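First comes the structure, then the notes that go with it.
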Amino acid sequence: MTTSQGNGQRVWRDIGIKRRYRAERRFKIYGLGAVLLGLLFLAMLLSSVVSKGYTAFQQTEILLNVTFDQKVVDPRGKAATNERVLLMVNYPALANAALAEALGLDPSDRKLRKDLSGMISGGVRTQLRDMVMSDISLIGQTRPVWVLAAADVDSAFKGQIDLSVDQSRRKVNDRQVEWMNTLAASGALEKRFNTGIFFNGASSRPEMAGMGVAMIGSMYMMLIVLALALPIGVAASIYLEEFAPKNRWTDLIEVNINNLAAVPSIVFGLLGLAVFINFAGLPRSASLVGGLVLTLMTLPTIIISTRAALKAVPPSIRSAALGIGASKMQMVFHHVLPLAAPGILTGTIIGLAQALGETAPLLLIGMVAFVADFPATPMDPATALPVQIFMWANEAERAFVERTSGAIIILLMFLAAMNITAIILRRKFERRW
């Protein structure tokens, strides 16, 4: 009887072990499936953005032999003494004449004039004007100049417009398509690297629009966040973790810091609008206000990560420092803080990366404004990378679709660089106990 009971117990034990093993295998399969599903969605997102945005880093340009005819540029010969004359010149007419010459057409034909002007970007006015104003000796000479093609021609040349449909249903007509093919065959029309997306400001013309102002505005804001959030957050963390007494007051502060980390970012935008703009009178759309708002939003993240890094330092380090006669201040700043630095740096960089991608609080403080001029100081009007993406996404022009995806790629590259930096710094300075 005893033997049969022992055999029965072993059977049930074996069955229980097999059930636990099966449950463990199922859990591993579920976990692997969840990881693969997440990677699948990430791959779909990245492929969608890259497939739509990689063409934004190329821009169609036309090579023209532009003649700076003195009869058009300076008919009265006053440009040498009065540069204001050069501001009133019809520079697009010079570009249209050069394009007509390249195609073997009569530039005076009014029937062709509209189609010719539709081939070249309106930004040619600024380009040729700046050339003449920087070198007045160009008047009367002929120079080869690469000019931007119009947005619709650029889209057609990149294959983004279906040219098989009737010309009444597309913005590039058959005549312009024929000219485009002629110029491409002669080497006068080609896709070149688009430096303008990095250095140009906002523009209503897609081919002229760039992220330059947004990148400078984001840089100003990140510097302000780093200069304010890091010292304030680290100081608050050190006080709460090392010096503050454990009572209801500090417990209340800790609870509120954790709650602030979960507050929606738009709430910080409302706070910034009420305090920094309406009460303090700071200018709208300024990088300074954006930096202050993002500082408030980033502080809880830095405080929480810094306290976690301080807690990770073994208590024996503190005891040893105090045991050899160090004061509590010396113990914290000479021993604990250097050992916690990798975790603090990681938390700070992750907080900055989170702030870099925020849009909602910046919209409320007016950083959605159309800004074409580069900000010289943080007090000047500016915008930010995520806000620029938001603005381009709302544009009706088809060419802004690739600009939007291209800007997303630039933002993702910044975020990836910051997160990789955080990983490298952590692994370089981290000490395992």
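Only the coordinates and a few stated rules stand behind these numbers; no lab work does. On a predicted model such as this, the values are computed, not experimentally measured, just so you know. Neighbour counts run over all protein chains shown; Cβ positions are idealised from the backbone, glycine included.
Hey, can you rank 372-381, 40-49, 293-302, 258-267 by average C-beta count inside 10 Å, highest first?
Top to bottom by mean Cβ count within 10 Å: 293-302, 372-381, 258-267, 40-49.
Given the DSSP H assignment, sum -39500 (n - 2.57) over each helix run of at least 4 residues in the chain and divide by its residue total; what's the result at 222 nm in deg cm²/dmol, nearest 500?
Per the formula, -20000 deg cm²/dmol.
Given the convex hull over the Cα atoms of the stretch 273-405, what projected area results after averaging over all orientations, in nm²? Please list the in-between numbers first.
Numbers: hull surface 44.7 nm².
Here the figure is 11.2 nm², rounded to one decimal.
Mind checking which of 257, 327, 404 is farthest towards the positive end of the chain's charge dipole, using Cβ charges of +1 (Lys, Arg) and -1 (Asp, Glu) about the Cα centre?
327
With the calculation restricted to Cα positions, what are the radius of gyration and Dmax of the stretch 51-127 in angstrom?
15.3, 52
Computed on alpha carbon atoms, what radius of gyration and Dmax characterise the stretch 195-305, expressed in Å?
18.0, 61
Given an 8 Å cut-off on Cα distances and at least 6 residues of separation, report the relative contact order of the stretch 61-206 as a percent.
Reported as a whole number, the value is 33 percent.
For the stretch 81-171, what is the convex hull (Cα atoms) projected area averaged across all directions, in square nanometres?
If I average the Cα hull's projected area over directions, I get 7.3 nm².
Give me the dipole magnitude in Debye, nearest 20, for the chain about the Cα centre, with unit charges on the beta carbon: positive for Lys and Arg, negative for Asp and Glu.
In total the dipole reaches around 2180 debye.
Excluding same-chain residues fewer than 8 positions from residue 328, which lysines have a Cα within less than 21 Å of its Cα?
Excluding near neighbours in sequence, the set is 246, 311.
How large, in Å, is the stretch 142-240 by the Kirkwood hydrodynamic radius built from its alpha-carbon pairs?
17.4 Å
Based on the mean of other Cβ atoms within 10 Å per residue, sort peptides 196-208, 212-224 so the most packed one is first.
Listed from highest to lowest mean packing, they are 212-224, 196-208.
With charges set only on the Cβ (+1 for Lys and Arg, -1 for Asp and Glu), what does the dipole of the stretch 215-320 come to about its Cα centre, in debye to the nearest 20?
40 debye
Based on the mean of other beta carbon atoms within 10 Å per residue, what is the order of 353-359, 59-65, 382-388, most packed first?
The peptides rank, most packed first, as 382-388, 59-65, 353-359.
What area, in nm² and to one decimal, does the C-alpha convex hull of the stretch 163-205 cast on average over all directions?
So the Cα hull casts an average projection of 4.6 nm².
Name the long-range amide H neighbours of residue 58: under 5 Å, sequence gap of 5 or more, or other chain; modelled H, no Pro or chain starts.
Under 5 Å from the amide H of residue 58 lie the amide H atoms of 194, each far enough along the sequence or on another chain.
What does the C-alpha gyration tensor say about the overall shape of the stretch 103-153? Classify as rounded when a/c is under 1.5, otherwise prolate if a/b is larger than b/c, or oblate.
In terms of gyration-tensor shape, oblate.
Among 336, 401, 255, determine the one that fluctuates most according to a GNM of the chain built with springs between C-alpha atoms less than 10 Å apart.
For the chain, modelled as a Gaussian network with Cα springs under 10 Å, the answer is 255.
Students often get this wrong, so check it: of 52/158; 114/191; 52/191; 114/171, which have C-alpha atoms separated by over 21 Å?
Checking Cα-Cα distances, 114/191 exceed 21 Å.
Starting from the coordinates of the alpha-carbon atoms of the stretch 194-236, obtain the Kirkwood hydrodynamic radius over all distinct pairs and give the value in Å to one decimal.
11.9 Å
Using alpha carbon coordinates only, what is the Rg to Rh ratio of the chain, with Rh defined as the Kirkwood radius?
Rounded to two decimals, Rg/Rh equals 1.16.
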